[in-house]
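First up is the structure itself, then whatever we jot down about it.
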Amino acid sequence: MKLTFQPSRTEPPRRSDSRPSADHGAGGAPVRRPAAASGETPRSASPHAPGSCSSRKLKHLVVFTRQLHILVVSGSPLVDAMAALQKQVKDPAWRGVLDRLRTRVEEGQSLSQAMEEAPEYFDPVYRNLVAAGESSGQLAPVLDRLAGLARRRLHVRSAIMGAVLYPALLLCTAVVVICLLLFFVIPRFSQLFQTLDIPLPATTRVLVSLSEFLRSYWWAVLIGAGAVVAAVRAWVRSPGGRRTLDGMLIRLPYLGGIVQGFTIAWIARILGILLEGRVGVLDALKLTRQSVRNVHYMELIGRAEEAVTRGEPVSAAFAEADKISATLYEAMRNGEQSGRLGPLLTSVADFMDEDNEVIIKALTSILEPVILIVLGLLVGLVAASLFTPLFDMTAITEKGR
C-alpha cells in the first residue's frame, strides 16, 4: 500500500553568516523538517520520556527496529514487513501495539503518525526521526540509526543495573539479617538475661530496648514508614521538590559526577542523532530537552533554544555552563564551524558512555567490600552485645568458686 506523507514546509533562505538557523542543520545545510514537527511544537516526552521506558519495552523496541530495518532494506512493503514482525511476537500487549500500527498504516497514515498512539514505546525523538526519514525517502538509514540508539540505551541500562545489583543484594541481606536478629534472636537472649539477673552493657540494653519496641509497635513503624514514603513521593513530584532533588543528584560527591556524565552523554547522543537525521537545529534542541529528565539540564537546553532563535550558535549557551563538560562544548563549537556537528556529538557520546561504564565498574568494586565490611561489623556488634554478658557471668561464677 502506498504511504501518505505530510509535505515538509518550505525552507527559508540561507543566512549570509555561517551560524546555523532554526531550520538549517549544522554548517547551514538546509534540512527537511519531520512531518510531526512541521508547523507545530513537538509533543512533550513526559510522562513517557526515553529514560522512563521499561527494560521489557525497550527490548521489544530494539528487536522491532532492527528487524524492520532489515525488511525495509530488502524491499518488503511496510505493511507486509509489519505483518511479518507481528507474527513473531509472543507478548500480547506488544502484539496489539503492532497490530494497531499496521492497521493505521493500511488506512493511509504514515508510520510516524501511527506511532503516536503508542507513546509508551515510541517517544517523540523516535517518531520525529521516523517522520524525517519518511519525508526524505531515507527511512531505512533512519531505522538503522534508531536501532543503534535503542541498543545503546539498553546496553547502558544493563550496565547500570548489573553494577548496582550485587550491592543491592548485599543491602537487602543486611536488612533481613538484622530484622531476624531483632525479632527472633534478641528476645530469647532478653529472657535469658532477665532470668539470670545480670548487669547488661549499654549496647546490649539498646538492642534489647529496640527489639521490644519493634515487636510491640511494628504496625506503627510500618505506618510511619509508609507515610514518609508517600510524603517524599509527593515532594519529589512537586516542581520545587523535583528541582531540589535534581540539583542534589548532580552535586553529590562521586555519584553526582556519574549522573552528570550519563546525562551529558545522552544529550550529545540525542542531539547528534537528530541532526544527522536532518532535523532542524531548533526542533532537535526541543526534542532533546523533552527527552532529558533533569530540570537543570532542561533549562540549559532551553537557553540554547533561545540562543538559536536569536541567531546565535548552539555552543553559545554552553560556553559558561558548569554542568557541561569542556569536551562537549569544544565538540559543539568545532562541529558548528566544520558543518559536522551531528557526527561529532555522536562520537563524543560514544566516548563518554564508555568512560561512564568504567567509572561505574570502579565504584562498584569499591562499594562491594565496603558493604561487606559494614555488614560484618553490624553482625559482629550484635553478637558481641549478646554474648558479652554471658562471658561476664561465666567469669563471675568462676571467681566465686
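No value in this document is a laboratory result; all are computed from the given coordinates. All values reported here derive from a predicted model rather than from experimental measurement. As a convention, Cβ positions derive from the backbone with ideal geometry for all residues, glycine included, and neighbour counts pool all protein chains shown.
In debye, nearest 20, what is the charge dipole magnitude of the range 164-401 about its Cα centre with +1 on Lys and Arg Cβ and -1 on Asp and Glu Cβ, if you could check?
Computed charge dipole of the range 164-401: roughly 700 debye.
Can you list which of the GluC sites (Glu not before Pro) found in the range 285-342 are DSSP loop residues with at most 12 other C-beta atoms within 10 Å?
Hits after loop and neighbour filter: Glu320.
Using alpha-carbon positions, what is the distance between the centroids of the range 265-303 and the range 156-224, in Å?
With the range 265-303 and the range 156-224 each reduced to a Cα centre, they are spaced 47 Å.
If each residue of separation counts as 0.36 nm, what is the full-extension length gain between Ala231 and His155 once their alpha-carbon separation is subtracted?
So the chain would gain 24.0 nm between Ala231 and His155.
Which one of Pro239, Ile250, Ala316 has its Cα pushed farthest toward the positive end of the charge dipole of the range 203-328, where Lys and Arg give +1 and Asp and Glu give -1 at the Cβ?
Of Pro239, Ile250, Ala316, it is Pro239.
Hey, got a sec? Which chymotrypsin sites (Phe, Trp or Tyr not before Pro) in the range 172-243 land in a DSSP loop and have at most 12 other Cβ atoms within 10 Å?
When the chymotrypsin sites (Phe, Trp or Tyr not before Pro) of the range 172-243 are filtered for loop state and at most 12 Cβ neighbours within 10 Å, Tyr217 remain.
Which of the trypsin sites (Lys or Arg not before Pro) found in the range 237-315 are in a DSSP loop and have at most 13 neighbouring Cβ atoms, other than their own, within 10 Å?
Arg310
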